[in-house]
Every structure is written in C-alpha cells, then in structure tokens.
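*Asks:* Would you mind keeping the following structure in view while I ask a few things?
The values are calculated or read from the model by the stated rules, or taken from the named source; none is laboratory data. Keep in mind the model is a prediction, meaning the values are calculated, not measured. Cβ: placed from backbone, ideal geometry, glycine included. Neighbour counts: every protein chain shown. Only protein heavy atoms, including side chains, enter the accessible area calculation; ligands, DNA and RNA are left aside. Shrake-Rupley method; radii C 1.70, N 1.55, O 1.52, S 1.80 Å.
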Amino acid sequence: MAKFLSIPVTGEGNQLVSADGIKIIEQASTTTTTIVYGGAAAQDVITITHAALGAGSEQMRDDIQNAVVRAHSSVWQNVTETVSPSEAVSGIAIA
C-alpha cells in the first residue's frame with residue numbers, strides 16, 4: 001500500500017507527497033529541504049521551502065524523516081502521515 005506525507009503549506013492547506021521510493025532526505029540550505037526519489041537514471045526531487053533554520057540545523061530534515069518512519073511503521077490502512085514541521089512551510093515544488 002502506498003504511503004503519503006501530508007505537509008501543511010501556508011496559505012495552501014496540506015499537500016500530499018509520496019513517502020515511497022525515497023532515496024535521501026537532505027537539509028539543502030537553511031530555507032530548503034529536499035526529498036530525492038527514484039534510481040540513478042531517473043530522479044525526481046521535491047524541494048520544500050520553509051522559514052529559516054539556524055545555521056547547521058537539520059530540524060526540518062529530521063521532522064520529515066520521522067514522519068516517513070511513522071508512515072511506514074503504521075498499519076497498511078493508514079495511508080497518510082501528517083508532518084508537524086518545526087518551521088512554517090511556504091511551498092513545495094518538484095523537478
């Protein structure tokens with residue numbers, strides 16, 4: 001059963017992103033966190049833009065990773081896991 005993360009986005013409500021097929025979650029900068037999906041030949045990257053974190057903080061990455069673990073630890077009927085981000089999310093984009 002597919003699993004999804006429900007991420008609250010300011011002014012847009014919650015957006016769903018896949019919790020399946022993730023290769024890595026990275027704190028790309030103090031204001032962006034990326035989720036990389038797929039294999040070496042074809043990759044999709046979701047960029048989550050959020051309020052600034054302190055230098056060296058990995059908190060948004062940790063928030064998302066913890067939600068992924070909770071999603072995959074839950075029973076198959078629970079297909080979404082709500083992310084409770086430590087900072088406000090302003091946008092989600094895929095490339």
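*Asks:* Net charge around ALA67, counting only other residues with Cβ within less than 12 Å of its Cβ (Lys, Arg = +1; Asp, Glu = -1)?
*Replies:* Charge balance near ALA67 sits at 0.
*Asks:* Can you tell me, using C-alpha contacts under 8 Å and at least 6 residues apart, the relative contact order of the chain as a whole percent?
*Replies:* Once divided by the residue count of the chain, the mean separation gives 35 percent.
*Asks:* Ok, one more. Run the quick spin-label model on ALA2 and GLU58: label points 7 Å from Cα toward the beta carbon, then report their separation in nm to one decimal.
*Replies:* With each label placed 7 Å out from Cα toward Cβ, I get 3.0 nm.
*Asks:* Could you do me a favour and compute the accessible area per residue for region 37-95, 1.4 Å probe, result in Å²?
*Replies:* That works out to 57 Å² for each residue.
*Asks:* Could you check how much of the accessible area of region 25-95 is carbon and sulfur, as a whole percent, using a 1.4 Å probe? List each step's numbers first, then the result.
*Replies:* Values: 2000 of 3790 Å².
That share works out to 53 percent.
*Asks:* For q = 0.22 Å⁻¹, what log10 I(q)/I(0) does the chain give under the Debye formula with an equal point scatterer on each alpha carbon and no solvent?
*Replies:* -1.14
*Asks:* Mind giving me the nanometre distance, one decimal, between the label points for SER29 and ALA51, set 7 Å out from Cα along Cα→Cβ?
*Replies:* 1.9
*Asks:* Among the chymotrypsin sites (Phe, Trp or Tyr not before Pro) in the chain, which ones are in a DSSP loop with at most 13 other Cβ atoms within 10 Å of the Cβ? Mind listing them?
*Replies:* Those that pass, being in a loop and sparsely packed, are TRP76.
*Asks:* The chain: longest stretch without exposed GluC sites (Glu not before Pro) (DSSP loop, at most 15 other Cβ within 10 Å), sites themselves excluded? Show your work: numbers first, answer last.
*Replies:* On the way: sites that count: GLU12, GLU58.
Within the chain, the longest run free of exposed GluC sites (Glu not before Pro) spans 13-57.
*Asks:* Here's something else I'd like to know. If you add up the charges near ASN78, with Lys and Arg at +1 and Asp and Glu at -1, over every other residue whose beta carbon is less than 10 angstrom from its beta carbon, what do you get?
*Replies:* Taking every other residue near ASN78 into account, the sum is +1.
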